[in-house]
Amino acid sequence: MTETLKIHATVLDGARVSGRRGIAALVNPVGSAAERAAVGKQQRATVPLGDHAAVGAGSDRRDPLALLEEQCVERVPELVPIRYGRMMVSAFTFYRGAARVMAADLAATGSTGLIVQLCGDAHLSNFGVFGSPERRLIFDINDFDETLPGPFEWDVKRLVASLVIAAQDSGFTRKQWRGIAQAAAARYRTAITEFAGMRDIDVWYSRLGTDEIQKELTPRLDAKRQKKLNKSFAQARTRDSMQAVSKLTETTDGQRRIVGDPPLIVPLRDMVPGLEQQDLQERFRQLIRHYRRTLEPDRRVLLERYRFVDMARKVVGVGSVGTRCWIVLLTGRDESDPLFLQVKEANTSVLAEFVGRSGYANQGQRVVSGQRVMQQASDIFLGWQRTTGIDDVRRDFYIRQLRDWKGSIEVEALLPKGLQYYGELCAWSLARAHARSGDRIAISAYLGSSDTFDRAMADFGESYAELNAGDHQLLIDAVAAERIAARTGL
């Protein structure tokens with residue numbers, strides 16, 4: 001065995017021997033392309049491709065509701081019932097909020113030890129369109145709250161299972177949802193192979209624009225859905241701070257203010273009675289002081305042109321409900337130049353107890369660093385900070401624009417062929433992100449050219465969808481028995 005192979009083997013053995021929780025850092029690819037490919041092929045003997053079909057949830061499986069409840073300990077108590085209410089809506093919304101449950105299940109399966117920067121929550125609704133700094137509308141992963149280094153297959157399994165669950169919710173046949181799952185796995189495999197043959201810098205520059213998506217997706221939709229798709233992409237370009245101002249604020253006594261819509265939007269002045277505007281401005285200055293140091297110098301110059309106007313707590317997403325999320329309204333030259341920032345709490349990743357803690361002391365920095373590695377292009381105001389909240393507890397946050405040409409495809413409206421294509425888009429984007437951070441040559445060699453991995457992923461997706469449906473019913477039953485409190489319709 002060459003020295004290169006010994007290095008790889010030591011890293012891989014260490015990941016396995018340490019019980020999968022010892023994976024704590026990305027492996028920098030070393031050696032020739034042939035040697036790296038040999039590492040990938042070698043791993044098939046340890047974790048055969050067909051083994052990925054196994055869910056790994058045995059009789060000792062941890063209680064899914066207990067895992068969810070443990071997450072809620074550090075969340076805003078009055079918002080937790082909203083999280084459960086949103087998770088109850090369907091098997092898919094439950095899945096969106098159950099990233100920790102799946103992480104525990106994945107930890108019970110064999111690990112390839114082929115490490116990448118994981119999204120950590122790569123379900124199909126965490127992909128979408130947004131504006132690049134060059135003002136191009138691009139498609140990519142758009143949520144990194146759980147990002148950490150880990151085995152590449154965990155992200156693929158989370159994506160494939162989400163496709164099966166979404167297809168089942170839409171009433172597709174078994175043949176259709178298996179075809180969708182297998183197509184996504186195949187696209188990931190072939191994309192990784194494509195990236196394995198590219199120069200490092202070309203992998204970094206690769207991107208997927210919306211023009212190509214519209215061209216390919218439109219023929220797979222009926223006339224009504226074609227119209228909705230074109231409208232959603234057009235509207236994405238209008239989803240910016242100007243649009244947010246018109247929707248979220250009003251002018252009172254000559255002052256622009258965020259409109260309250262409790263419990264979903266609560267201005268800080270309403271949370272802390274007697275809080276004066278001067279106090280608000282001082283709290284914002286404290287919030288921004290360290291955050292701006294995490295930006296590039298030119299972006300600090302731009303940020304410092306804006307002045308504080310107002311801030312409010314906002315409920316977002318499904319899995320994130322209960323974490324502290326703030327929206328901050330700023331203005332530049334005048335009221336026609338607004339900027340909305342989102343300040344979102346960053347907790348320890350749900351993957352950390354299974355793949356090892358982050359190398360970053362600040363969880364906001366963990367999110368930002370992972371996002372910058374994986375994404376084609378990131379928000380110019382993306383940064384992090386640690387600050388003391390109104391409860392005098394120090395917490396980590398990451399910051400970005402609230403809306404910057406953000407949009408999504410309405411997955412529920414897709415026909416089977418449309419969902420299959422969308423799944424392939426997500427799989428390509430995931431492969432590109434993994435190719436940037438991990439050893440794409442080793443992963444490609446491990447996956448090979450047959451459809452063995454694809455079929456195993458389809459089997460996994462189907463089995464995990466069944467497991468998820470059972471967990472979803474457990475939540476419904478717990479709410480009915482008043483063991484868990486839920487607020488629906490929000």
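The values are calculated or read from the model by the stated rules, or taken from the named source; none is laboratory data. Just so it is clear, the model here is predicted, and its values are computed rather than measured. Cβ sites come from the backbone with ideal geometry, for glycine too, and all protein chains shown count toward neighbours. Surface accessibility is based on the protein's heavy atoms, side chains included, excluding ligands, DNA and RNA. Shrake-Rupley method; radii C 1.70, N 1.55, O 1.52, S 1.80 Å.
Surface calculation, 1.4 Å probe, protein heavy atoms: ASP337 sits at approximately 40 Å² accessible.
Largest first, the residues ARG324, ARG158, ARG372 sort by 1.4 Å accessible area into ARG372, ARG324, ARG158.
One chain, two ends: GLU74 and ASP451. Fully extended at 0.36 nm per residue, the span grows by 131.4 nm beyond their Cα-Cα distance.
About its Cα centre, region 45-133 has a charge dipole of approximately 220 debye under the convention of +1 per Lys or Arg Cβ and -1 per Asp or Glu Cβ, with nothing else charged. Computed from label points 7 Å out along Cα-Cβ, the spacing between GLN278 and MET242 is 3.6 nm.
Of the cross-linked pairs LYS175/LYS406; LYS215/LYS314; LYS314/LYS417; LYS41/LYS157; LYS247/LYS417, those separated by over 31 Å at the C-alpha level are LYS175/LYS406; LYS215/LYS314; LYS314/LYS417; LYS247/LYS417. Ordered by 1.4 Å accessible area with all protein chains kept, LYS175, LYS417 run largest first as LYS175, LYS417. Taking label positions 7 Å along the Cα-Cβ direction at both ARG293 and MET198, the computed distance is 3.6 nm, reported to one decimal. Hey, quick one: spin label on GLU335, modelled 7 Å out along Cα-Cβ, who in region 245-270 has an amide N within reach, i.e. under 11 Å? The answer is 250-257. Rounded to the nearest 10 square angstrom, SER437 shows an accessible area of 10 square angstrom against a 1.4 Å probe. Shape class of region 351-490 from the Cα gyration tensor (axes a ≥ b ≥ c, square roots of the eigenvalues): oblate, since a/c reaches 1.5 or more and a/b does not exceed b/c. Probing with 1.4 Å while keeping every protein chain in the model, the per residue accessible area of the chain equals 42 Å².
Sorting ASP145, ASP51 by accessible area puts them as ASP51, ASP145; the probe is 1.4 Å, largest comes first, and only protein heavy atoms count.
The chymotrypsin sites (Phe, Trp or Tyr not before Pro) of region 199-236 include none that DSSP puts in a loop with a beta carbon having at most 12 other beta carbons within 10 Å. Computed with a 1.4 Å probe on the full set of protein chains, the accessible area for SER59 sits at about 130 Å². Taking Lys and Arg as +1 and Asp and Glu as -1, the other residues whose beta-carbon sits under 15 Å from that of VAL318 total +2.
Computed from Cα positions, the angle between helix 3-17 and the longest principal axis of the chain comes to roughly 70 degrees.
Put a dot 7 Å past the Cα of GLU353, heading toward its Cβ, do the same for VAL316, and the two dots end up 2.5 nm apart. Oblate is the label for region 131-227, because a/c, from the alpha-carbon gyration tensor with a ≥ b ≥ c as root eigenvalues, is 1.5 or above and a/b does not exceed b/c. Calculated mean residue ellipticity, 222 nm, the chain: -15000 deg cm²/dmol, from DSSP H runs (n ≥ 4) at -39500 (n - 2.57) each, averaged per residue and rounded to 500. Of the GluC sites (Glu not before Pro) found in region 406-490, the ones in coil according to DSSP and having at most 14 other Cβ atoms within 10 Å of their Cβ are GLU410, GLU482. Rolling a 1.4 angstrom probe over the chain with all protein chains present gives an accessible area of which 49% lies on carbon and sulfur atoms.
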